[in-house]
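Everything on this sheet refers to the single structure shown next.
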Amino acid sequence: MKRSDVLVSISRRHFCSGLACGAGLVIAGCGGSDAPSDAASGGVCPTTGALDVGAPSSFVVNTPVYFSAGFLFVVRDAGGLYALTARCPHQGFTTNVQGMFFVCPRHGSEFSFTGAVLTGPAAAPLVHYAMCMLDNGHVGVLTGQVVDDAQRLAV
């Protein structure tokens, strides 16, 4: 078998991420290091690039707040704050809050507030973004930096 005959399996996220990095469109994740930045681990935000979502005290437990500027939700749970995309991974429609779930209006996919898929057709969970503290004491979200869904900003 020749090298050109080998089929390579890659996720859509990794493929798109590679395209964006190759084109210089996304800085986060293109530096060649697998170590998380200070922002990814809940540290101080970089001087530019973070979406200011307000004071940490403005977020109530289990009450998602939508930010249209980043197509994302910020949620507080017992562990702290986390940010996740509002875009359904099935076809990219913006999800809405209905009771204790995120629901896609297009095909009815339902997600828990942590982004886990409860009912399809979506097969992938909602993506989580890095959060950090801004110099003004507000919380920042870095939509170019995807993090594990268990990560929280403890504030």
message: Show log10 I(q)/I(0) for the stretch 41-126 at q = 0.12 Å⁻¹, two decimals, from a solvent-free Debye sum over equal Cα scatterers.
response: -0.36
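Using Stokes-Einstein with the Kirkwood hydrodynamic radius over Cα pairs, what translational diffusion coefficient do you get for the stretch 79-141 at 4 °C and a viscosity of 1.567 mPa s, in µm²/s rounded to a whole number?
105
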query: Short version: ³J(HN,Hα) in whole Hz for each residue of the stretch 124-135, in order, from phi by Karplus 6.51 cos²θ - 1.76 cosθ + 1.60 (θ = phi - 60°), x for Gly and Pro, what are they?
result: 10, x, 6, 6, 9, 10, 5, 10, 7, 9, 8, 4
- prompt: How big is the accessible area of H107 in square angstrom, nearest 10, if you roll a 1.4 angstrom probe over the protein chains?
  reply: 90
Portion, in percent, of the accessible area of the stretch 55-135 that falls on carbon or sulfur, probe 1.4 Å: 58
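The values are calculated or read from the model by the stated rules, or taken from the named source; none is laboratory data. Values in this document were obtained by computation on a predicted structure and should not be read as measured data. Please note that ligands, DNA and RNA were not included when accessible areas were found on the heavy atoms of the full protein model with its side chains. Shrake-Rupley method; radii C 1.70, N 1.55, O 1.52, S 1.80 Å.
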